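Enquirer: Before we start, here is the structure in question, set down as structure tokens.
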Amino acid sequence: GAACICCHSRPMKPIAISCCEPAGIGPEIAATAWKRLRGEIPLLWVGDPGHLPTDLPQKHVKVGDDIAQISLTALPVLARDFGGPAIPGTPKPSHAQGVIDAIATSVDLVKSGDASALCTAPIHKAALINGADFAYPGHTEYLAALAKTDRVVMMLACKDLRVVPTTIHIPLADVPSHLTASLLTDTLLITHAALRRDFGIDQPQIAVAGLNPHAGEDGKMGMEEIELIGPVLTALRSEGLNISGPMSADTMFHEGARARYDVAVCMYHDQALIPIKTLDFSGGVNVTLGLPFIRTSPDHGTAFDIAGQGKADATSMITAIRMAAEMAKKRG
């Protein structure tokens, strides 16, 4: 009983949902998420109210309103005027600055404590570049800039697996030169700290993939494991981290192997994302580790081809919001 009273006296601050590319599926999956979660997690949508589905109950709010209470009967909206309606499937360059500003506003809400976490709906980078000269490779890099953080880590998570790619959106040919001891060390330390703080895992078990087939097979198929990855892992083990590897990536992701670790740290994008997208294509969540606030995101794009048709699957969005709420509870 006491816990319940305490929980009612201090309702959870809402999860801010930063408006996405208005012409994509973001507005409709946000609406579906509110319908599904309204008795469970309070939400706050930051964006142009005219871009939400017309049949959605919504209420314009300001910072300081009782958003948890409002969220029970309508989607609370921190209204921003993007200057015109959205056409599903056709992004407008004139909306770009509004999208960017909505992300920045959402970050301010989380940093000030008016929201407990940020869940970002999908953006379309080309539209942001065309409409507002967006200077970042993606959402994650823009959030890092807003947070004044120079190194963040991308983690993808689903029920059966968490993965972290050490290098992310670069050509495969550039991976060996980008893979440095300092990048790998920071990636492992940020991942370890986040699993403890945000996921409540006291002694995280981290499995690390090699870069080459068979983890280089003692230097016969590449030297990165011997010269770079191995020494980093040895140094971090001496600091008390539970790390196994470098391991052959082709034997890391079957069911028995997954039971032995809490996260798999991989060397490049597809090495990490193929296994998780194979296991759970619609339920994966993108989590940015190393920010001073919690940020999750559905692990899919704008899906222009089905926008506005009522076909969009909100599973990943709902899972991303639930994960953000869980992480916020762990952080207290």
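Enquirer: Please tell me if Gly230 is without any contact (Cβ under 8 Å) to a residue 24 or more places away in the chain and either within 27 Å of Arg331 (Cα to Cα) or in a loop (DSSP other than H, G, I, E, B) (or both).
Expert: Taking the combined requirement at face value, the residue does not satisfy it.
Enquirer: Taking the criterion of being among the charged types (D, E, K, R) and over 20 Å from Asp174 (Cα atoms), would at least one residue in region 202-211 satisfy it?
Expert: Looking through region 202-211, at least one residue is among the charged types (D, E, K, R) and over 20 Å from Asp174 (Cα atoms).
Enquirer: Exactly one condition in (1) modelled with pLDDT of 95 or more; (2) open to solvent by 80 Å² or more (accessible area, probe 1.4 Å); (3) more than 23 Å from Arg322 (Cα to Cα) is not met by Arg196; state its number.
Expert: Tallying (1) modelled with pLDDT of 95 or more; (2) open to solvent by 80 Å² or more (accessible area, probe 1.4 Å); (3) more than 23 Å from Arg322 (Cα to Cα), Arg196 fails exactly one: (3).
Enquirer: Next question, about the same structure. Can you name every one of the strands (runs of 3 or more DSSP E) wholly within region 1-113 that holds 1 or more residues which are in contact with a Leu (Cβ under 7 Å, 6 or more places away or on another chain) and open to solvent by 10 Å² or more (accessible area, probe 1.4 Å)?
Expert: Because the criterion is at least 1 residues that are in contact with a Leu (Cβ under 7 Å, 6 or more places away or on another chain) and open to solvent by 10 Å² or more (accessible area, probe 1.4 Å), the strands (runs of 3 or more DSSP E) in region 1-113 that meet it are 58-60, 75-79.
Enquirer: Can you name the residue in region 133-165 that is open to solvent by less than 10 Å² (accessible area, probe 1.4 Å) and in contact with a His (Cβ under 9 Å, 6 or more places away or on another chain) and is also nearest to Ser182 (Cα to Cα) among such residues?
Expert: Pro165
Enquirer: Tell me which of these Cys119 doesn't satisfy, since it passes every other one: (1) of a type outside the set (D, E, K, R); (2) part of a strand (DSSP E or B); (3) free of Cβ contacts under 8 Å to residues at least 24 places away in the same chain.
Expert: The failed condition is (3).
Enquirer: Check every one of the helices (runs of 4 or more DSSP H) wholly within region 124-199 and list those with 1 or more residues that are under 25 Å from Pro22 (Cα atoms) and not aromatic (Phe, Trp, Tyr).
Expert: By residue number, 125-132, 139-146.
Okay, residues lined up against (1) surrounded by 13 or more Cβ atoms within 10 Å (Cβ to Cβ); (2) closer than 14 Å to Leu156 by Cβ:
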| position | (1), (2) |
| --- | --- |
| Gly230 | yes, no |
| Leu241 | yes, no |
| Gly245 | yes, no |
| Glu255 | no, no |
| Val265 | yes, yes |
| Tyr268 | yes, yes |
| Leu273 | yes, yes |
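Enquirer: A further question on this structure: Could you figure out which of (1) touching a helix residue (DSSP H, G or I) at 6+ places or on another chain (Cβ under 9 Å); (2) closer than 19 Å to Leu273 by Cα; (3) open to solvent by less than 50 Å² (accessible area, probe 1.4 Å) isn't true of Pro204?
Expert: (2)
Enquirer: Now a separate question. For region 207-219, check the following and say yes or no: at least one residue is surrounded by fewer than 17 Cβ atoms within 10 Å (Cβ to Cβ) and assigned to a helix (DSSP H, G or I).
Expert: yes
Enquirer: When Asp250 is evaluated against the numbered criteria (1) over 24 Å from Leu172 (Cα atoms); (2) surrounded by fewer than 20 Cβ atoms within 10 Å (Cβ to Cβ), which criterion, by number, is the only one it fails?
Expert: Evaluating Asp250 over (1) over 24 Å from Leu172 (Cα atoms); (2) surrounded by fewer than 20 Cβ atoms within 10 Å (Cβ to Cβ) leaves (1) as the failure.
Enquirer: Among the numbered criteria (1) under 30 Å from Val107 (Cα atoms); (2) modelled with pLDDT of 95 or more; (3) out of contact with any Ser or Thr (no Cβ under 7 Å at 6 or more places or on another chain); (4) open to solvent by 10 Å² or more (accessible area, probe 1.4 Å), which one does Phe281 miss?
Expert: Going through the list (1) under 30 Å from Val107 (Cα atoms); (2) modelled with pLDDT of 95 or more; (3) out of contact with any Ser or Thr (no Cβ under 7 Å at 6 or more places or on another chain); (4) open to solvent by 10 Å² or more (accessible area, probe 1.4 Å), Phe281 breaks only (2).
The values are calculated or read from the model by the stated rules, or taken from the named source; none is laboratory data. Predicted model, so just to flag it, every value in this text is computed and none were measured. Here the Cβ is made from the backbone with ideal geometry for all residues, glycine too, and neighbour counts use every protein chain on show. To get the accessible areas, we keep the full protein, side chains included, count just its heavy atoms, and leave off ligands, DNA and RNA. Shrake-Rupley method; radii C 1.70, N 1.55, O 1.52, S 1.80 Å.
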